[in-house]
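**Student:** My questions all concern the structure below.
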Amino acid sequence: MNDQKLENLLNLALDATPEEIERSERLAEGYDRAANTWDLIIKYHGDLTGLEREGAAFTPLVNEYAIVTIDQELIPWLASRVQVEYIEKPKRLSFAVDQGRAASCINGLSRAPLGLTGKGVLLAIIDSGIDYTHPDFRNADGTTRLLALWDQTIEGTPPADYRIGTEFTREELNQSLRENRVLSRDLSGHGTAVAGIAAGNGRTSNGRYRGVAPESELLVVKLGIPRPDSFPRTTELIQGVDYAVRKALELSMPLVINLSFGNTYGSHDGTSLLETFLDDISGYGRSCIVVGTGNEGEAGGHTGGWLTEGEEKTLELAIGEYETGTNIQLWKSYVDNFSVSLISPEGMTIGPFRENMGSQRYRVEGTEVLVYYGEPSPYSMAQEIYMDLLSMEKYIDSGIWKILLTPGKIVEGRYDLWLPSKEERNQETYFYRPDPETTLTIPSTAGKVISVGAYDSRLMTYAAFSGRGYTRDGRTVKPDLSAPGVNIMATAPGGGYTPRTGTSFAAPFVSGSAALLMQWGIVDAHDPYLYGAKMKAWLLKGARPLPVVKNYPDPRLGYGTLCSGIKPPSDIAPTDCKDAQKNGSCVV
């Protein structure tokens, strides 16, 4: 297809054959072959109730976004509706404490006279689930600390106004605990670890591995779909965020949402529907959204540079053996003109690609190459050239592929290329001259979220794996700040703790800190406006530098490392605060 209301990937997917869809993981995301339906994200205005009369399942979200499940043949009809502004397909998500608490200046907030614990604040963990039977998520009497748990992977009774999964209430969770029944499991342990860092009460460790906000109310969403071999996608993420915001509004509670995952597909400038949705919904209620920047910093999945007229560039991409397929996205300014060609390991040239919007097919040796030459969208001025390498039999051709960029008229000259996240490709598949900058995963590139990178709080240096900024257009500083993310002791399914590393485990330090500050500001009435952009401003003002970095903001650390604090009440003596500062636990 060639419909400018549809994103490039969706246009290419609808133009692909069933066999090509089956061979391409990225194109297949959101498609149910048995039912011949697609799950889609749409931005719209007005009334779309007529969709259901046409056989589409419509889940409206706040601010005129929606998830639509629709027959493939009806997608052109959907795009033709005047009310529909833009349509995207789902993207696959990758799930990317005691010492960490001290390094982040949290201990001072927890001790007298402040004694902050996150009480009265709703902390939403949207992740792989939670082992809610773990003692750290239970009260002293054995009852659950969870307000509710929405498991999107279990068919049953979803929350009101949603269509997937099962919502377990606090009463149902407590009943299952009394009967030693487990209603929902965290198979990977990722969400359990994240929840423990943000809000575990440390009962199993006698407080040693207590989380940041141990008395906050927990709201948990287990992402996924109730189908075999399911994985979390952006369509489920958007619904989870919408659910958390609505629940907080219903309860009139301040809300912190923790998102510890992301993906590499997109222009990395905050313009995808997922990113604009998060920016829009952040204005609802008294909330803030915290997102990890991913672990792509040293993964070799990004390269970029500058083109000048008359100077051809050759980029080298290593494809490892036994790679069943991969894809390359090239983003450039629409005002620049340059041609793109691929050269296979055997020396055969594919292209130059035709510079007209639409899909193209090429075959070389054992690899088929699908190309979509896009145009800017109503939400982004960037132009994408997307290349999907599919195996003709079992594996695509391994070896050194070359990407040839031949400039014509160049005005700006910047180009960026991304591969799938490292979890989706072989270790031997990477760019030969990678660029660690602009390796943030999406949605940490959304402008209004608090984006968190990782650093090593023991060695006091940045973590090389942590996704780096800035955004692709250079207009937005990301990450906003960094938090401990190396060898963090975190709750594990089945009880006990295990060390975890990654930006996934840095983000909940910031989420828990935001909950403490919201308790002080909103619940305890010291500052009723301490949420949203003001919360981000407070965290950035308190951020501390690392000795290894001299100038801030920095693409590795943002404005510095987390040192959450508040202006001390008048009853704290100056000497007390000085002592606290020496121990890294007070920010004035």
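The values are calculated or read from the model by the stated rules, or taken from the named source; none is laboratory data. Keep in mind that this is a model prediction, so the values were computed, not measured. So basically every Cβ, Gly included, is an ideal-geometry build from the backbone, and we count neighbours across all protein chains shown.
**Student:** Condition (residue is out of contact with any Gly (no Cβ under 9 Å at 6 or more places or on another chain) and either within 22 Å of Gly30 (Cβ to Cβ) or assigned to a helix (DSSP H, G or I) (or both)) applied to the stretch 200-222: is it met by at least one residue?
**Tutor:** We begin by selecting, within the stretch 200-222, every residue out of contact with any Gly (no Cβ under 9 Å at 6 or more places or on another chain); these are 203, 206-207, 218-219.
From what is left, the residues that are either within 22 Å of Gly30 (Cβ to Cβ) or assigned to a helix (DSSP H, G or I) (or both) are 203.
Yes, the stretch 200-222 contains a residue that is out of contact with any Gly (no Cβ under 9 Å at 6 or more places or on another chain) and either within 22 Å of Gly30 (Cβ to Cβ) or assigned to a helix (DSSP H, G or I) (or both).
**Student:** Of all residues in the stretch 254-313 being under 15 Å from Ala514 (Cβ atoms) and among the hydroxyl-bearing types (Ser, Thr, Tyr), which is farthest from the chain's Cα centre (by Cα)? Walk me through how you get there before you give the answer.
**Tutor:** Of all residues in the stretch 254-313, those under 15 Å from Ala514 (Cβ atoms) come to 254-260, 282, 285-292.
From what's left, among the hydroxyl-bearing types (Ser, Thr, Tyr): 260, 282, 287.
On the way: Ser260: 6, Ser282: 15, Ser287: 17 Å.
The qualifying residue farthest from the chain's Cα centre (by Cα) is Ser287.
**Student:** Another question, if that's okay. Looking only at strands (runs of 3 or more DSSP E) that fall completely inside the stretch 26-84, which ones have 3 or more residues that are modelled with pLDDT of 95 or more and closer than 29 Å to Ser94 by Cα?
**Tutor:** Of the strands (runs of 3 or more DSSP E) lying wholly inside the stretch 26-84, those with at least 3 residues that are modelled with pLDDT of 95 or more and closer than 29 Å to Ser94 by Cα span 37-44, 65-71.
**Student:** Need pairs with beta-carbon distance below 9 Å; first residue at positive phi and within the stretch 529-540, second surrounded by 17 or more Cβ atoms within 10 Å (Cβ to Cβ); sequence gap 6+ or separate chains.
**Tutor:** The qualifying pairs are Gly532/Ser282; Gly532/Arg286; Gly532/Ser287; Gly532/Cys288; Gly532/Lys448.
**Student:** Within the bounds of the stretch 137-150, is there any residue that is on the phi > 0 side of the Ramachandran plot and in contact with a Phe, Trp or Tyr (Cβ under 6 Å, 6 or more places away or on another chain)?
**Tutor:** no
**Student:** Among the residues of the stretch 457-495, count how many are outside any loop (DSSP other than H, G, I, E, B) and in contact with a Gly (Cβ under 6 Å, 6 or more places away or on another chain).
**Tutor:** Count: 6.
**Student:** Could you list all residues from the stretch 346-379 that are surrounded by 18 or more Cβ atoms within 10 Å (Cβ to Cβ), touching a Ser or Thr at 6+ places or on another chain (Cβ under 7 Å) and more than 15 Å from Leu330 (Cβ to Cβ)?
**Tutor:** Val364, Thr367, Tyr379
**Student:** Hey, can you tell me all the residues within the stretch 122-179 that are small (Gly, Ala, Ser) and either surrounded by 18 or more Cβ atoms within 10 Å (Cβ to Cβ) or in a loop (DSSP other than H, G, I, E, B) (or both)?
**Tutor:** Ala124, Ser128, Gly129, Ala140, Gly142, Ala148, Gly156, Ala160, Gly165
**Student:** Restricting the search to the stretch 186-224, which residues are basic (Lys, Arg), surrounded by fewer than 17 Cβ atoms within 10 Å (Cβ to Cβ) and within 28 Å of the chain's Cα centre (by Cα)?
**Tutor:** none
**Student:** Are any residues in the stretch 191-217 touching a strand residue (DSSP E or B) at 6+ places or on another chain (Cβ under 7 Å) and closer than 21 Å to Thr503 by Cα, and if so, which ones?
**Tutor:** Residues satisfying the conditions are Gly191, Thr192, Ala193, Val194, Ala195, Gly196, Ile197, Ala198, Ala199, Gly200, Tyr209, Ala213.
**Student:** Write out, first by first residue and then by second, each pair whose Cβ atoms fall under 8 Å of each other, whose residues are 6+ apart or on separate chains, and whose first residue, in the stretch 341-365, is outside the structural domain of Ile319 (by TED's automatic domain parsing) and farther than 14 Å from Leu315 by Cα while the second is at pLDDT 95 or above and acidic (Asp, Glu).
**Tutor:** Every condition considered, no pair remains.
**Student:** Would you confirm whether any residue within the stretch 493-503 is closer than 18 Å to Trp418 by Cβ and outside the structural domain of Met381 (by TED's automatic domain parsing)?
**Tutor:** yes
**Student:** Oh, and also: If you take the residues in the stretch 1-25 that are in a loop (DSSP other than H, G, I, E, B) and not charged (D, E, K, R), which one is nearest to the chain's Cα centre (by Cα)? Show your work before the answer.
**Tutor:** The first filter runs over the stretch 1-25 and keeps only residues in a loop (DSSP other than H, G, I, E, B), leaving 1-5, 7, 16-17, 24.
When the remaining residues are screened for being not charged (D, E, K, R), the result is 1-2, 4, 16-17, 24.
Details: Met1: 28, Asn2: 28, Gln4: 26, Ala16: 28, Thr17: 30, Ser24: 22 Å.
Across the stretch 1-25, the extreme among qualifying residues is Ser24.
**Student:** Restrict the check to the stretch 435-456 and report whether at least one residue is surrounded by fewer than 18 Cβ atoms within 10 Å (Cβ to Cβ), touching a strand residue (DSSP E or B) at 6+ places or on another chain (Cβ under 7 Å), at pLDDT 95 or above and not in a loop (DSSP other than H, G, I, E, B).
**Tutor:** No - not one qualifying residue is present in the stretch 435-456.
**Student:** Continuing with the same structure: Test of understanding: among Ala515, Ala483, Ala490, which residue is of a type in the set (A, V, I, L, M, F, W, C), modelled with pLDDT of 95 or more and farther than 18 Å from Asn201 by Cα?
**Tutor:** Sole residue among the options that is of a type in the set (A, V, I, L, M, F, W, C), modelled with pLDDT of 95 or more and farther than 18 Å from Asn201 by Cα: Ala483.
**Student:** May I pose another question? Return the only residue of Val291, Val241 being crowded, with 24+ Cβ neighbours inside 10 Å, among the β-branched types (Val, Ile, Thr) and not in a strand (DSSP E or B).
**Tutor:** Within the list Val291, Val241, the selection yields Val241.
**Student:** Another question, if that's okay. Considering Gln329, Gln383, which residue is under 18 Å from Asp3 (Cβ atoms) and under 25 Å from the mean Cα position of the chain (by Cα)?
**Tutor:** Gln383
**Student:** Right, another one. Run Gln427 past the list (1) in contact with a Ser or Thr (Cβ under 7 Å, 6 or more places away or on another chain); (2) surrounded by fewer than 24 Cβ atoms within 10 Å (Cβ to Cβ); (3) closer than 28 Å to Thr324 by Cα and report the number of the one that doesn't hold.
**Tutor:** For Gln427, the exception is condition (1).
**Student:** Sticking with this one: Tyr322 - would you say it is of a type in the set (Phe, Trp, Tyr), surrounded by 23 or more Cβ atoms within 10 Å (Cβ to Cβ), over 12 Å from the mean Cα position of the chain (by Cα) and farther than 18 Å from Ala514 by Cβ?
**Tutor:** Criteria not met by Tyr322.
**Student:** Any idea which of Thr438, Thr471, Thr461 is outside the structural domain of Leu237 (by TED's automatic domain parsing) and farther than 21 Å from Val212 by Cα?
**Tutor:** Values: Thr471 fails: outside the structural domain of Leu237 (by TED's automatic domain parsing); Thr461 fails: outside the structural domain of Leu237 (by TED's automatic domain parsing).
On inspection, the qualifying residue turns out to be Thr438.
**Student:** Tell me whether the stretch 250-267 contains one or more residues that are modelled with pLDDT of 95 or more and assigned to a helix (DSSP H, G or I).
**Tutor:** So far as the stretch 250-267 goes, yes, one or more of its residues are modelled with pLDDT of 95 or more and assigned to a helix (DSSP H, G or I).
**Student:** Moving on to the next point. Would you pick out the residues in the stretch 247-277 that are among the acidic types (Asp, Glu) and more than 14 Å from Ser451 (Cα to Cα)?
**Tutor:** Glu250
**Student:** Please name all residue pairs, on different chains or six or more residues apart, with Cβ atoms under 9 Å, provided the first residue is in the stretch 397-421 and is surrounded by fewer than 16 Cβ atoms within 10 Å (Cβ to Cβ) and the second residue is part of a loop (DSSP other than H, G, I, E, B) and among the small types (Gly, Ala, Ser).
**Tutor:** Sorted first by the residue in the stretch 397-421, then by its partner, the pairs are Gly399/Ser344.
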